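As structure tokens, the structure follows; a few thoughts come after it.
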Amino acid sequence: MKKKYDIIVIGGGPAGLAAAISAYDKGAKSVLILEREDCLGGILNQCIHNGFGLNRFKESLSGPEYAFRFIDELKTRNIEVMLQTTVLSMREDKTITAINSKEGVFSLKAKAIILAMGCRERSRGALNIAGSRPAGIYSAGTAQKFVNVKGFLPGKKVVILGSGDIGLIMARRMTLEGAKVQAVLEIMPYSSGLKRNIVQCLDDFDIPLYLSHTITKIEGDKHVTGVVVSKVDQNRQPIPNTEIHFDCDTVLFSVGLIPENELSKSANIPLSPNTRGAIVYQTRETLVNGFFACGNVLQVHDLVDFVSEEAFLAGAYAGEYIKKANKGRDAVDVKNGKNVAYVVPQKIDKNIDGNVKLFFRPTKMLKDCTITVKCGDEILVKKNKKIVAPGEMETLILTKEKTDKIVYEIEVLVEGDI
Amino acid sequence: MFDVLVIGGGVIGGTILRELTKYKLSICLLEKENDVCMGQSKANSGIVHAGFDAVPNTLKAKFNVIGNKMMKGYTKELGVKYKNNGALVVAFSQEELAVLEKLKARGKANGVNGLEIISASKLKRLEPNVSNQAVGALYAKTSGIVCPYELTIASIGNAMDNGATLITDFEVADIVKRENKFIVKSAFGKEIEGKIIINCAGLGSGKIASLVGDSDIEVKARKGEYILIDRESGGFISHTLFFVPTKAGKGILATQTVDSNLLFGPTAEETEKEDIDTSAKGMSFVIEKVNTILEKPPLFNTITSFAGARAFSNRNDFIIEESKNTKGVIHCAGIESPGLTSAPAIAKFVVEELVSKQTELVKNKKFNGKRESESCFKNLSIKKKNKIIKKDSSYGKIVCRCEQITEGEILHAIRTNPPAKNIDAIKRRTRSGMGRCQGGFCQPYIADLIAKEQNIALTEVTKKGKGSEILLKVTK
């Protein structure tokens, strides 16, 4: 078997597919995708609802349809794919150790590696939610896999904790399957999901959303039988005597996604504590030369369209990277200013041509706000926005003319009314 | 009819079962749950205690010290992970330093070697992340760690390989004595006969004792809540850290586990027998205490929290004795901490000293105490891994990504003694689902494997036995 590649892409979901296509089109001759599942497409395969591709294709596709647009593109190119292959570790010298049933444990070497491993769901355990540990408790994505891929319904009386997009989608999905979704609970005073999902998945089905509420106890010995829900104060602490009890046989958790960077850590790639993804330049190259990251392993996106956009960028720069020597960095830092949770990229290399698109999330919901990018006292960009929320990613474009002006660092901040 | 019926598939029942198979006896283990190791043996700290804590001349002191010495060889034979990581009892005041002297003297009286009182600076060298407020510690070099369910499952599996029978879902409801045998009846009307009964029923041992007329044995439950931290932070501490015991109790401990997680806990709260719920109060207590004994503990890497119930008796000591009222019955009741450490020593004593009084013990020459290690695939060399994959390609397929567990290991757990019949049973044998995603990704795959191997529908697959079915019905 072939052991050396120009570019190896880890993960064959939306990010990996777009990155591989883009790298190939930039001239990388040998491109390999390593995918642990038995087909390409990643989590899109279990997302049978529509709404994918509105930005990119100007039409509403299902998850598998969106994936197939890319898989079809991939097939017209000489890109290799290894399925049912799990990467066990990587080294900074771009050696990958992987495992599958056919080859056993084997090593591969690449000139550049694109990280596209996606993310995982935060579990019930990580939240220290009190109570028993019975059957019937799932993260929303696991339930989605059981319902949409395996064809089995976990239960018929459901409570959902967290108003993340997968939780909202599953509220509708379970309802369509005849289950009664009694409540969606959100510990924050606002939803972390997209507005359109709140309307289409909850409001349209009369499913109540309880803001500033959380589960304080799970009940049931063998199988979950109910939950106790409490209202929370500004510090997210349960308020005594606000308990509501729900009988249920299923509890779904949609309480956040975490980029899966265990492999990145094995290659000593520095991560951002804010995104939990790699720290990157606008090229999506990490701080370890020749390692690029894109999609949900880098930052958790709201829409797959943005994942594809980011992956095309990463793939293209990885394609460039293997062709020519780095001309040296002239990097400045991008800082999180007031009310900003994170900004990607975290670094801008002034030696790279072209505009820089900044992706960021606010720390809280703000109205009638101003988004500003500052370098010291100088304002580089200023933009007004009616409303911003942590659940909706914001973008801003810095032209080359502006980035040339940056000395040392810039700061992105949002000001507005609460 | 069996020669011996062991009631209860925890670590005590399991090690006794294995000890019995060294002799020519027909043996049966009765377990009320769908899998073995479902009580206190699945949710405790996993400490192989040195033996300085137990009051001298108690059964606890005696079996703790012998068990500690046996554990290394015992676990090696069974292919069970064991680490002699040492323990530190951390003092925060001059008064507590004085208590350390008492503990050391007590340990010496119990026959514990390797006890040393160390300075704050030496403590900091051994454990750089210990609290800066610590003023010294008792260092117990013989203390170790073991995985309690791995040890229990391996003991029972090895006993079964040597001929013992396991019957699960058999909750003992009644015991009837006939001339030279017992008829043990289950809650569902099944009956099993045996000549000797060994009561190792944990929280239920008081009830079993009362069924044979020994109402003086009272067993209550004490709940302990724990917080488990991702392997990624497993190197934060390497020893087992204890607080100095006070009148208010032992406090909690902080330890590395043999699987490189960190474990913080337990609380100690007397409860109803079946209550193993975690509570907000319990978890905040653990968090507060961990923040006291460690500098900036990595609680951000919490994977899960859980609770276990420990049985304790009205005698403030282990109860290991023949029934006072019914000949042929042996009780092992109230085996709280250091029960795990003591288990191999208790098993040897029960069989050699107590069972021998009831029946003649003839060596079983076919006994093979060795057992292949579970869940060791990821630690093998690449060469060895490839040899196995070549023979069985299912070892080339990773099912649990967080713990890197292969399909081959999961099938092995379903097919070997004691067979894993549900999702949690597979988790305890292979660690699949024990990682940071808590089974989010692998559970659908594992459910498929169970359904296929047992030839049942996915709706019949359970998390932990009947009543815990994971799926309700086929979609529309």
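Working only within region B:20-41, note down all residues that are buried (at least 24 other Cβ atoms within 10 Å of the Cβ) and either in a helix (DSSP H, G or I) or of a type in the set (Lys, Arg) (or both).
Of everything in region B:20-41, those that are buried (at least 24 other Cβ atoms within 10 Å of the Cβ) and either in a helix (DSSP H, G or I) or of a type in the set (Lys, Arg) (or both) turn out to be B:20, B:40, B:41.
Evaluate the following for residue B:267: is it buried (at least 19 other Cβ atoms within 10 Å of the Cβ), in contact with a strand residue (DSSP E or B) (Cβ under 7 Å, 6 or more places away or on another chain) and away from chain A (no Cβ under 14 Å)?
no
Out of the residues in region A:105-128 that are within 8 Å of chain B (Cβ to nearest Cβ) and farther than 15 Å from residue B:442 by Cβ, state the one that is surrounded by the most Cβ atoms within 10 Å (Cβ to Cβ).
Result: A:124.
What is the one condition in (1) part of a helix (DSSP H, G or I); (2) more than 27 Å from the chain's Cα centre (by Cα) that residue A:317 does not satisfy?
(2)
Hydrophobic (A, V, I, L, M, F, W, C) and either in contact with a strand residue (DSSP E or B) (Cβ under 9 Å, 6 or more places away or on another chain) or assigned by TED's automatic domain parsing to the domain that holds residue B:157 (or both), is that true of residue B:411?
Answer is no for this residue.
Could you grab me the full set of residues in region B:452-476 that are touching a residue at least 40 places away in the same chain (Cβ under 8 Å), touching a strand residue (DSSP E or B) at 6+ places or on another chain (Cβ under 6 Å) and assigned to a loop (DSSP other than H, G, I, E, B)?
If the condition is that a residue be touching a residue at least 40 places away in the same chain (Cβ under 8 Å), touching a strand residue (DSSP E or B) at 6+ places or on another chain (Cβ under 6 Å) and assigned to a loop (DSSP other than H, G, I, E, B), then B:463, B:468, B:470 are the ones that fit.
Assess whether residue B:335 counts as being outside any loop (DSSP other than H, G, I, E, B) and either of a type in the set (Val, Ile, Thr) or without any contact (Cβ under 8 Å) to a residue 12 or more places away in the chain (or both).
In short, no.
If you check B:204, B:189, which single one turns out to be assigned by TED's automatic domain parsing to the domain that holds residue B:22, more than 30 Å from residue B:368 (Cβ to Cβ) and under 18 Å from the mean Cα position of the chain (by Cα)? Even if it seems obvious, please write down each step before you answer.
On the way: B:189 fails: under 18 Å from the mean Cα position of the chain (by Cα).
From the options B:204, B:189, the qualifying one is B:204.
If a residue counts only when it is in contact with a helix residue (DSSP H, G or I) (Cβ under 8 Å, 6 or more places away or on another chain), which helices (runs of 4 or more DSSP H) contained entirely in region B:70-183 have at least 3 such residues?
Values: elements: B:94-110, B:120-126, B:148-161.
By residue number, B:148-161.
With the requirement that a residue be in a loop (DSSP other than H, G, I, E, B) and within 13 Å of chain A (Cβ to nearest Cβ), what does region B:218-250 give you?
Of everything in region B:218-250, just one residue is in a loop (DSSP other than H, G, I, E, B) and within 13 Å of chain A (Cβ to nearest Cβ), namely B:230.
Please list, ordered by first then second residue, the pairs with beta carbon atoms under 6 Å, 6 or more apart or interchain, first in region B:270-295 and facing another protein chain (nearest Cβ under 9 Å), second of a type in the set (Asp, Glu) and outside any helix (DSSP H, G or I).
B:278/B:225; B:282/B:225
Check whether at least one residue in region A:240-249 is in contact (Cβ under 8 Å) with a residue 40 or more places away in the chain, in a strand (DSSP E or B), more than 25 Å from the chain's Cα centre (by Cα) and crowded, with 16+ Cβ neighbours inside 10 Å, and report yes or no.
Yes: one or more hits.
So is residue B:366 within 30 Å of residue B:322 (Cβ to Cβ), more than 13 Å from every other protein chain (Cβ to nearest Cβ) and assigned to a loop (DSSP other than H, G, I, E, B) or not?
Answer is yes for this residue.
Of everything in region A:250-263, what is under 16 Å from residue B:436 (Cα atoms) and in contact (Cβ under 8 Å) with a residue 60 or more places away in the chain? Give them in sequence order.
Within region A:250-263, the first condition is being under 16 Å from residue B:436 (Cα atoms), and the residues that meet it are A:253-263.
A:253, A:254, A:255, A:256, A:257, A:258, A:259, A:260, A:261, A:263, listed by residue number.
The values are calculated or read from the model by the stated rules, or taken from the named source; none is laboratory data. Nothing here was measured: the structure is a model prediction, and the numbers come from that model. Heads up, the Cβs are rebuilt from the backbone with ideal geometry, glycines too, and the neighbour counts pull from every protein chain shown.
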